[in-house]
Amino acid sequence: VAHCKGFFFCGQEPFVADEYIERLAWRTPGGGSRGGEAFDPKRLLEEFVNHIQELQVMDERIQRKVEKLEQQCQKEAKEFAKKVQELQKSNQVAFQHFQELDEHISYVATKVCHLGDQLEGVNTPRQRAVEAQKLMKYFNEFLDGELKSDVFTNSEKIKEAADIIQKLHLIAQELPFDSLMGFCCYPLFSPGKYHDLECQLIQEFTSAQRRGEISRMREVAAVLLHFKGYSHCVDVYIKQCQEGAFLRNDVFEDAAILCQRVNKQVGEIFSNPETVLAKLIQNIFEVKLQSYVKDQLEEHRKSDAEQYLKNLYDLYTRTTNLSSKLMEFNLGTDKQTFLSKLIKAIFISYLENYIEVEIGYLKSRSAMILQRYYDSKNHQKRSIGTGGIQDLKERLRQRTNLPLGPSIDTHGETFLSQEVVVNLLQETKQAFERCHRLSDPSDLPKNAFRIFSMLVEFLCTEHIDYALETGLAGIPSSDSKNANLYFLDVVHQANTIFHLFDKQFNDHLMPLISSSPKLSECLQKKKDIIEQMEVKLDMGIDTLNCMIGQMKHILAAEQKKTDFKPEDENNVLIQYTNACVKVCGYVRKQVEKIRNSMDGKNVDTVLMELGVRFHRLIYEHLQQYSYSCMGGMLAICDVAEYRKCAKDFKIALVLQLFDTLHALCNLLVVAPDNLKQVCSGEQLANLDKNILHSFVQLRVDYRSARLARHFS
């Protein structure tokens with residue numbers, strides 16, 4: 001088997017000894033690989049020995065064949081090496097012949113170049129002499145007054161005639177006028193003759209343009225390129241291009257279409273297409289657009305500021321959009337600067353004082369919007385405090401529980417209008433957009449700040465701040481009956497409006513000032529506004545006094561002494577008193593109103609203050625009555641309902657206060673023997689003994705010796 005390793009069978013996979021032995025054993029009878037067959041080791045050994053001998057014979061035969069092939073390969077290798085040597089010798093001989101041929105070719109080429117230079121030296125003077133002879137011939141014809149040459153009589157050869165006239169004109173200009181020749185030549189080649197030919201060429205160019213013959217236009221333009229009237233040819237082309245091009249109402253779209261059409265055509269006619277196209281665009285801007293812009297703006301400049309600003313923004317935007325489209329064309333090296341100068345030339349007189357017009361319009365428009373609103377309410381604005389934040393803080397510090405100044409009846413009006421706010425914000429938004437488009441980049445932050453200041457003045461100061469001041473003045477005194485607390489409605493609307501103001505600040509102002517020093521000024525101004533409003537909202541805390549006052553009126557009107565000391569102890573059918581029901585209903589409405597009117601931490605702050613005052617009111621109210629056993633149970637039920645109402649506050653401290661009050665009310669009904677145990681409970685253990693004693697004293701049986709003995 002060892003001799004078999006590494007052998008391959010034709011058309012099969014590489015030889016594997018283990019698989020080969022397995023197959024051999026399987027084919028041998030008695031090999032034991034087939035199922036149900038007896039194993040015969042001798043026969044298997046005999047088969048292996050025979051097969052090994054066969055493989056050895058095969059190995060010897062293959063080895064002899066390999067040796068024979070190796071000898072043949074060595075012989076052929078020697079023959080191939082000999083051939084390669086012969087080919088190398090032949091290649092060296094061919095290379096030497098090639099070098100000799102290359103040297104010979106170089107020698108011949110040098111001779112040919114030298115001969116060409118000699119021929120050119122002879123031919124150039126000859127050509128000049130021929131051209132001079134032709135010019136002399138044409139010169140004679142001009143002197144005789146008869147132009148017989150075909151070049152002058154054939155209109156198809158105007159190009160050649162123009163070339164001749166140009167050369168004769170240059171010659172005549174070089175001759176001194178005081179010489180005889182110069183004197184004779186001047187009438188023939190004076191500027192008049194030269195100009196006549198130019199006029200003929202320009203007329204030919206014009207006719208070809210009207211016929212749409214591009215090739216003829218190109219030929220004439222090439223001839224005129226050497227004449228002084230070439231620029232006039234370009235002017236004629238530009239003028240004729242615009243004939244019939246501006247027939248629609250949209251001059252900007254017409255201009256874009258015209259430039260697009262000319263851009264495709266001008267390269268086929270002129271040798272300097274970018275210059276011609278730039279001149280066309282300049283003509284459109286300086287003539288068509290400037291005239292159109294002037295007509296549109298001057299009509300409203302002094303009479304209608306709103307329409308003037310809208311037209312200015314629209315025209316400037318459409319002009320810059322047209323400029324962006326023209327940037328696609330080849331107009332020379334610095335087309336951006338070229339187009340910017342054209343736009344500036346049109347609008348410079350309008351942009352210089354743009355911001356003054358903008359601020360003036362915004363001021364008058366905002367004032368009109370506010371005045372129209374107050375007129376619709378039949379309201380005459382009163383003067384409000386103009387002090388700063390420090391003044392407001394001082395007013396807050398000195399505030400008492402009484403209303404701020406004389407109360408004003410606003411008849412439920414908040415003097416805040418969503419429509420007014422939307423109109424003011426919309427006007428300011430449009431002003432910011434115009435400012436962004438029309439302001440010089442260096443003036444943009446400064447102009448945006450001025451617009452923002454107008455918004456602050458009319459929206460925040462004249463509208464929101466005025467409404468807050470009016471709302472504060474309209475807060476009723478705490479002893480007023482049936483007081484309507486409209487200040488919370490003012491707070492709610494002011495909060496909503498300020499969110500809209502803040503959104504415009506972020507969306508429209510910030511992008512204009514984000515990278516300038518004006519950013520810090522705007523943020524500080526906004527911070528001052530917020531702080532000023534928060535101070536006034538803090539001053540509105542007197543609204544809570546009114547709420548507590550309303551609760552006092554409800555309790556005084558609805559609570560009866562017999563509620564907690566009924567005549568018939570065994571016939572009490574109510575779960576809690578009518579006063580409790582009405583107070584809880586009123587409190588729930590006020591809590592919901594506060595949540596709707598405020599947001600953030602302000603809600604929790606105000607609700608905590610209201611909850612503490614609500615607890616103090618109920619605590620003091622309960623201490624005004626004496627309680628029988630059944631009356632005490634009813635008081636506990638009332639306090640349980642008050643506690644349920646306190647859960648709506650979602651303030652832990654308020655709920656804790658009512659839990660303690662509920663525990664105190666248990667002292668009104670607990671058996672005398674259990675008083676000490678109840679007082680030492682978890683909720684009452686930390687309370688002052690005087691508080692506990694004050695509640696026990698409210699029991700009708702307090703004076704009994706047994707109760708006094710147990711509590712002492």
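The values are calculated or read from the model by the stated rules, or taken from the named source; none is laboratory data. From a predicted model like this one, the values you see are computed outputs, not experimental measurements. So basically every Cβ, Gly included, is an ideal-geometry build from the backbone, and we count neighbours across all protein chains shown. Each accessible area value is taken on the protein alone, full model and side chains, heavy atoms only, with ligands, DNA and RNA left out. Shrake-Rupley method; radii C 1.70, N 1.55, O 1.52, S 1.80 Å.
Once the whole set of protein chains is in place, how much accessible area is left on F432, using a 1.4 Å probe, in Å² to the nearest 10?
10
Along Cα→Cβ, 7 Å out, is where each label goes; now give me the distance between the ones at T562 and L519 in nm to one decimal.
Distance between label points: 7.5 nm.
With every protein chain kept in the model, how would you rank K561, K525 by accessible area, 1.4 Å probe, largest at the top?
Highest to lowest solvent-accessible surface, that is K561, K525.
How high is the relative contact order of the stretch 544-658, in percent, counting Cα pairs under 8 Å that sit 6 or more residues apart?
On the way: 94 pairs, mean separation 44.9, N = 115.
So the answer I get is 39 percent.
With every protein chain in place, what's the accessible area of K68 (1.4 Å probe, Å², nearest 10)?
Here the residue's solvent-accessible area equals roughly 140 Å².
Tell me, what is the FRET efficiency for T496 and T337 to the nearest 0.05, using R0 = 41 angstrom and their Cβ-Cβ distance as r? All intermediate terms of the calculation are to be shown ahead of the outcome.
Working: r = 49 Å, r/R0 = 1.19.
Computed FRET efficiency for T496 and T337 comes out at 0.25.
State log₁₀ I(q)/I(0) for the stretch 551-664 at q = 0.10, 0.12 Å⁻¹ as given by the Debye formula over alpha-carbon point scatterers of equal weight, solvent excluded.
With one equal scatterer per Cα and no solvent, log10 I(q)/I(0) is -0.30, -0.43.
For the full complex of protein chains and a 1.4 angstrom probe, list F564, F48 by accessible area with the highest value first.
Largest to smallest exposure gives the sequence F48, F564.
Along the Cα-to-Cβ line of R703, 7 Å from the Cα, sits a label point; which residues in the stretch 601-643 have backbone N less than 15 Å from it?
626-628
Counting only the heavy atoms of the protein chains, how much of D102 is accessible to a 1.4 Å probe, in Å² to the nearest 10?
80
Collect residues whose amide H, placed 1.01 Å from N in the peptide plane, falls under 5 Å from the amide H of Y627; neighbours closer than 5 in sequence don't count.
Result for Y627 returns R699, V700.
Using the beta-carbon distance between V122 and A222 and R0 = 30 Å, what value does 1/(1 + (r/R0)^6) give for FRET efficiency, to the nearest 0.05?
0.45
From the phi angles alone, apply the Karplus equation (6.51, -1.76, 1.60; θ = phi - 60°) to the stretch 456-471 and give each ³J(HN,Hα) in whole Hz, x where the residue is Gly or Pro.
4, 4, 8, 7, 7, 7, 6, 10, 5, 4, 4, 5, 5, 4, 5, x
On the protein heavy atoms, probe 1.4 angstrom, tell me the percent of accessible surface of the stretch 559-710 carried by carbon and sulfur.
On the way: 4070 of 8180 Å².
C and S fraction of accessible area: 50 percent.
Express the relative contact order of the stretch 612-712 as a whole percentage, based on alpha carbon pairs under 8 Å and six or more residues apart in sequence.
Working: 83 pairs, mean separation 34.3, N = 101.
That works out to 34 percent.
Output the pairs from K503/K525; K552/K601; K589/K644; K302/K341; K310/K341; K536/K601 with a Cα-Cα distance over 18 Å in this structure; if there are none, say none.
Result: K552/K601; K302/K341; K310/K341 exceed 18 Å.
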